[in-house]
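To start, the structure under review is shown below, and the notes come after it.
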Amino acid sequence: MEDYPEELRTPPVSLVSIVGCPELHPSISAALSSQQPPMNTLALPDFAKASILARSGKPRDPLAPPQPPAGILKKDWLLKHRTRVPAAVAALFRADQVSGDPAQWLQACSDLENLKSAIQGKNTKLVVVLVQAQASDELSEDVTVALRKRAEIDSKNLVVLIEHDEAEWNRSLNKLKNVFAELCAAFYKEEGRRIKARIEKRNFASVELSIRYCFKVAIYAEFRRDWPEALKFYEEGVRVLREMIGTSTRLPPTQRLVEIKAVAEQFHFKISTLLLHAGKVVEAITWFRKHIRSYERVVGTPEVAFLHWEWFSRQFLVFGELIETTSTTIPDTLSPRFGTADNALTEWEFQPAYYYQLAATYLREKRYAIECSSSMANLTTEVNGVPESVMPSVYVGQYVRLFEQGDTVSVLPLSDTEYTSYALSEAERFQDSYEIIALFRKAYESFQSLGATRMASACSGGMAIEYYAAGDFSNAKQLFDSVAGLYRQEGWTTLLWENLGYLRECSIKLNSPKDFISYSLEMAALPLFSGSGEENRENKIKSGPAGSPTISRRENIQQEVINVLERKQSSEGTDDEFNNAMEEVTRLDIDQISPLRMVLIASVAFHDQSVKPGSPLLVSVSLLSHLPSPVVVDQLEVQFNQSDCNFVIHSAQEDSPPLDSNLHDQIVQDTSSLTLFTNRWMRLTHELKSGQSGKLECLSVKATINKHLVICCHAESPASMEDFPLWKFENQVETLPTKDTALAFSGQKLIQVEEPDAQVDLVLNSAGPALVGELFTVPVTIESKGHAVHSGELKINLVDARGGGLLLSPREAEDSESHHVELLGVSTASEDKESKEEADSIRKIQYSFGVISVPTLSVGDSWSCKLEIKWHRAKSVMLYVSLGYSLGSSEEEALHRLNVHRSLQIEGQIPLLISHQFLRPFRREPLLLSGIRSLGSDDKKCSLAMNESNMLIVTARNCTDVPLCLHSMTIQPDGDGEQLCSVQQISGISSGHAVVAPSEEYKGIFSVNPRAISTNFNLGEICLNWSRESSLGEDQDRVIIMKEQLPEVSIEESPLVVGMECPPYAILGIPFTIYVKIHNSTSLLQEIKYSLVDSQNFVFSGAHNHAAFILPKSEHTVRHKLVPLGSGSQQLPKITVTSVRYSAALTPSASAATVFVYPSEPKFNLETNHSTSDEIVS
Amino acid sequence: MIVCVAVVGHQNNPLYLQSFTEADDALKLHHIVHCSLDVIDERVNNPKRSAPTLNETFLGLLYPTENYKVYGYLTNTKVKFIMVTTDLDVKDADARNFFRKFHAAYVDAVSNPFHVPGKKIASRSFGARVSTIVKSFGSGITS
């Protein structure tokens, strides 16, 4: 677009001229050009210059027959109208020039005459401007009239400018502007009408004139800003122009076409600009399509095809630039259904990138055409030579030759041949490549930002091809590489083929044999697109240097690689420098994302998932290649992460020694040859010895081909092998890397080599459940059964069996004594002897964890120790013991340790459950006031009466499964409790110890006699000395003391004590006496009431109810005589004693009020028995 | 005249591509078909497209390039059909009709129990049928 002349690119602006008074010109021009619409001013300082307004052309003889036009449009016509043909001329006179001096008046008149004659024959309007200094300077009427008459103008075309008053100046200047605007409109309208009349009357001899008139009418319309009319005539002109192609004979055919296209370009540019600036995008694009369609086939002769393509490319470029500069957007009113009947346009057509891409494509077309034309023209131009002094003619799109003869210079037309060779020589001077690259880059960037990656890639590819053509191979290679990625990803093999073909050539040119080999191999392994495999379509330009993608071409490419490897001079391309760049051995690495996976893939599967160390294991190595011809592998090296396992397989035919003699490698001579056929797995199974324990993983498989090419494939597991990127779309039999289908789907390239079996026994013994409080021992025995134990280490760990790990509650964690289960120590059998040696060996024991070292044991030896564990709470615990050892004491062996683990669950049990019970003295009921007051409260504290002998029964129950020995049961008083309360054991362990069988109880009876009042009296704690009942009796020292605190009791004095005396038995029918003794231990008079309820088993004498007063510190006795009426254990009549002062009732308990009634006198010595039983009871 | 038809799979990989020109522009046609996938992506993913068009399989003219016009069609299984023609005026109805027949042929070809979905279509009878459909294009013969 920048190549177009300025006047064509911008809309035309009306032109007026001012003559005279040069000092006012700048301000007048500025005022006119700032008007809307603006006006350009042609300022002539004095009237002598007015002659340039006169028609410059030769006066045409009106009688002569009209000459046929020599061209369609004159180049400078538009420029002339924009700069030299004013629509109106204003003659400026100062007032004093016309009013005073007659000489001056005459001068003014003659100037005016001159001006009039200069514009004679044109429609140019005349304006006379009188410049006054002040508005008050009144001009006489007759001067103005005379001036008007002279100038032959209307009164309104005579304008008075007031110079020295700003307001007046602006007003008068505005008037002048309006006059000018009006006159310009009239002028351009008249001119337009004049030409239009010619068109309408068909008053012209040739088509050229018709087009020219259309152009002129349209331009005049543009001057008037009448855009629709302009558009109409431009379109008419284009229509006529298109018809002219076949009919005109004025010029030789080639030049004719060139001229027509040049004119069409101008017309088209005008139309597109008008449409786009009016916002009519859709119309503009539709128009562009039409324009392209009408000219795309008008190529002309093949020799000048390049001119067509250049022109054609420019159409796209200019339209793209127009769209870009007007920043077009897709109108909202347009149906979003692009490309259908609703909306014939497509998305890309609104994007400048689309036009740039096509412009680049066509410019490339031009480059090809020039190449063809140059080769053809070379022969002819040598004879004729390129014509000299050819220049553009005055007509658009025409060229002429200047011919000098002496002083006269004449212009001669060119013949087509001359023109062709001229155009060719001109075209050859330009390097189109860089322009094409620039266009493609513009399109690339634009498409990339639109997210159209494929379009962008196509542009990239275009750039790359141009770089290649221009000999910039490194840029080309970089671009081709970037494009190839997309094609690989989407599987467009034909496009990839073309790309790789270029890349291959680039790497030759860049002397990079490694790249050459890898690109060639990739090409050779590409799957073919079945639709494009016809051999006869070999065209280097169209499908690039790769040739057409056929199987034979692939085979050729593979052979070329082999030739290069063998340093044979290949048929084309490779030169010495390339061969020199070859290294001795070319290495190619193929990993899982490499495009060369098609060339060679290695799948490695171990037959087992785990293996013992040192035992043989089978590994399958499978290779697959998609290269078309069979590949002979010289040697195959399989590498593992443990280099001891690496092995090499040689082809049997290969009689040369191995390339590198690594002594560690196992060398295997295979009987069959190692030849890979296309798409057929080569399966090799090899037996190797597993190395050290741990992971054994196959890393890579190196295949050496033709001695100089080493392809290093990353080993892949069959289980996780991915599809081949491009071959997965092909219709072919899918084969498995191993014959064993299970292995093909689940095989792994790594194997776990296990630790060797430990040949040492670790034995944990335990004698049933552990008892809380005792030191429980667990014997551990290490017995060597084939391995010597060096630097052995025993780790002991105690873990809560119910999970949680911790053997202490978190709340108690700080307190070290609150561990529920504690590892106290480890005693070894031979501790005394080796204590000094043990001192520096590891020995750490810590609550639940312990480490001790084990002395060196030779084969067959055994060693044992005892773990001492103490339970503080009943808890189930897991004991883990692990032995780690190495087979030898050397450093290498020490690294490799063997481990034996054992575990044992041990229950912890509480051995004895202790309970106790307080009893009151028999048939004595002390009144305890606290018992009355705290009635209903939850105070469970036991109350004891002072100075009464209370009974305490302590029961120890064996909760374990083993019999226990109870050595003693005592109550240890707490602090000064001994003085306040005497505790006496009534019954106890007689002969050393008592054996308590499982779930049996042992009872001890104590009498408690408190001597002081205390609300919170601590009786002390029960101490039990117990041990496991052992038949051997050796564990005397293992007596465990178990203590339990007795609850606090309250001791109080009872104000009243009710005692009942009753014989131990009665005999049916024989009366007996009961006494109820009420002792008042207070210093107060106590009133009591008592009642006796009838009982059916007894008859009695005495009152039912009675009341009495008891003096302080005295005793009152109530006596009743009873006669039993029934035998057996009988309830005595119920006696209730009520203290009025304390309003408390005392009733003897049921057991106390029971007496056994014999039916007759029993046959035993009553006297003795009676006396003893009385003693006990009292 | 139809110069090229193509079937493009889910991963935008070509499943079938056949050109019908004497001239050597097979490679150019590959490029054109590949680039047209961008337009299909744009059309299918364009949120501006109103709801009634969602079920429309015929995508219309994808883009004009050089002297070709590229038409597209998207099956309900998201397989893309692309047709490249040199005709200047293609009626929508003709293009739709062509794609309808082409779709039928494609369905028959992939219904073959020996065809693995997602692989290239290598059936000869499909090729022959496509050639027939291509030859009858625009000639008004309905088969």
Per the list (1) open to solvent by less than 40 Å² (accessible area, probe 1.4 Å); (2) within 14 Å of chain B (Cβ to nearest Cβ); (3) closer than 30 Å to residue A:319 by Cβ, residue check on residue A:444 breaks on (1)
All but one of (1) part of a helix (DSSP H, G or I); (2) away from chain B (no Cβ under 14 Å); (3) among the hydrophobic types (A, V, I, L, M, F, W, C) hold for residue A:251; state the number of the condition that does not hold. (1)
For region A:340-351, what are the residues that are over 22 Å from residue A:276 (Cβ atoms) and either within 7 Å of chain B (Cβ to nearest Cβ) or modelled with pLDDT of 75 or more (or both)? A:340, A:341
Residues of region A:475-491 that turn out to be of a type in the set (Gly, Ala, Ser) and either outside the structural domain of residue A:501 (by the TED database) or open to solvent by 10 Å² or more (accessible area, probe 1.4 Å) (or both), as a count: 2
Would it be correct to say that residue A:306 is within 13 Å of chain B (Cβ to nearest Cβ) and over 18 Å from residue B:68 (Cβ atoms)? no
How many residues does region A:200-248 contain that are under 22 Å from residue A:7 (Cβ atoms) and part of a loop (DSSP other than H, G, I, E, B)? 3
Quick one: count up the residues across region A:464-494 that are within 14 Å of another protein chain (Cβ to nearest Cβ) and of a type in the set (A, V, I, L, M). 5
Residue ID - farthest from the chain's Cα centre (by Cα), chosen from residues in region A:909-925 that are farther than 23 Å from residue A:1046 by Cα and assigned to a strand (DSSP E or B): A:924
Restricting to region A:86-97, count the residues that are out of contact with any strand residue (DSSP E or B) (no Cβ under 7 Å at 6 or more places or on another chain) and either at pLDDT 80 or above or open to solvent by less than 60 Å² (accessible area, probe 1.4 Å) (or both). 0
In region A:215-233, which residues are in contact with a helix residue (DSSP H, G or I) (Cβ under 7 Å, 6 or more places away or on another chain) and open to solvent by 40 Å² or more (accessible area, probe 1.4 Å)? A:224, A:227
Among the residues of region A:709-733, which ones are farther than 21 Å from residue A:699 by Cα and under 34 Å from the mean Cα position of the chain (by Cα)? A:725, A:726, A:727, A:728, A:729, A:730
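Yes/no per residue for (1) touching a residue at least 40 places away in the same chain (Cβ under 8 Å); (2) in contact with a Cys (Cβ under 7 Å, 6 or more places away or on another chain); (3) more than 12 Å from every other protein chain (Cβ to nearest Cβ); (4) open to solvent by 10 Å² or more (accessible area, probe 1.4 Å):
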position: B:3; (1), (2), (3), (4): yes, no, yes, no
position: B:11; (1), (2), (3), (4): no, no, no, yes
position: B:21; (1), (2), (3), (4): no, no, no, yes
position: B:25; (1), (2), (3), (4): no, no, no, yes
position: B:46; (1), (2), (3), (4): no, no, no, yes
position: B:62; (1), (2), (3), (4): no, no, no, no
position: B:72; (1), (2), (3), (4): no, no, no, no
position: B:88; (1), (2), (3), (4): no, no, no, yes
position: B:95; (1), (2), (3), (4): no, no, no, no
For the subset of region A:522-545 comprising residues that are touching a helix residue (DSSP H, G or I) at 6+ places or on another chain (Cβ under 6 Å) and more than 10 Å from chain B (Cβ to nearest Cβ), which member is modelled with the lowest pLDDT? A:545
Quick check on my filter: what residues within region A:877-897 are surrounded by 15 or more Cβ atoms within 10 Å (Cβ to Cβ) and either without any contact (Cβ under 8 Å) to a residue 12 or more places away in the chain or under 30 Å from residue A:802 (Cβ atoms) (or both)? A:877, A:878, A:879, A:880, A:881, A:882, A:883, A:884
Pick out the one residue from A:752, A:692 that is at pLDDT 80 or above and touching a strand residue (DSSP E or B) at 6+ places or on another chain (Cβ under 9 Å). A:752
Sort out which residues of region A:703-730 are open to solvent by less than 40 Å² (accessible area, probe 1.4 Å) and not in a loop (DSSP other than H, G, I, E, B), and write them in order of number. A:703, A:704, A:705, A:709, A:710, A:711, A:712, A:713, A:715, A:716, A:727, A:729
Working only within region A:133-186, note down all residues that are part of a helix (DSSP H, G or I), open to solvent by 90 Å² or more (accessible area, probe 1.4 Å) and without any contact (Cβ under 8 Å) to a residue 40 or more places away in the chain. A:141, A:142, A:149, A:156, A:166, A:171, A:175, A:178, A:182
Those residues that are among the basic types (Lys, Arg) and touching a residue at least 40 places away in the same chain (Cβ under 8 Å), I need them from region A:477-493; list them, please. A:488
Would you say residue B:56 is facing chain A (nearest Cβ under 7 Å) and modelled with pLDDT under 85? no
Regarding residue B:100, is this residue open to solvent by 20 Å² or more (accessible area, probe 1.4 Å) and within 12 Å of another protein chain (Cβ to nearest Cβ)? no
With respect to residue A:236, is the statement that it is open to solvent by 10 Å² or more (accessible area, probe 1.4 Å), more than 20 Å from residue A:77 (Cβ to Cβ) and acidic (Asp, Glu) true? no
Return yes when residue A:299 is within 14 Å of chain B (Cβ to nearest Cβ) and farther than 24 Å from residue A:446 by Cβ and no when it is not. yes
In region A:267-280, what residues are within 21 Å of residue A:393 (Cβ to Cβ) and either surrounded by 22 or more Cβ atoms within 10 Å (Cβ to Cβ) or of a type in the set (Val, Ile, Thr) (or both)? A:267
Residues of region A:578-636 being part of a loop (DSSP other than H, G, I, E, B), among the aliphatic types (A, V, I, L, M) and in contact with a helix residue (DSSP H, G or I) (Cβ under 7 Å, 6 or more places away or on another chain), which ones? A:582, A:599, A:627
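The values are calculated or read from the model by the stated rules, or taken from the named source; none is laboratory data. Predicted, not measured: the structure shown is a model, and the values here were computed from it. Note that we place each Cβ from the backbone using ideal geometry, even for glycine, and neighbour counts take in every protein chain shown. Heads up: the accessible areas ignore ligands, DNA and RNA and are worked out on the full protein's heavy atoms, side chains in. Shrake-Rupley method; radii C 1.70, N 1.55, O 1.52, S 1.80 Å.
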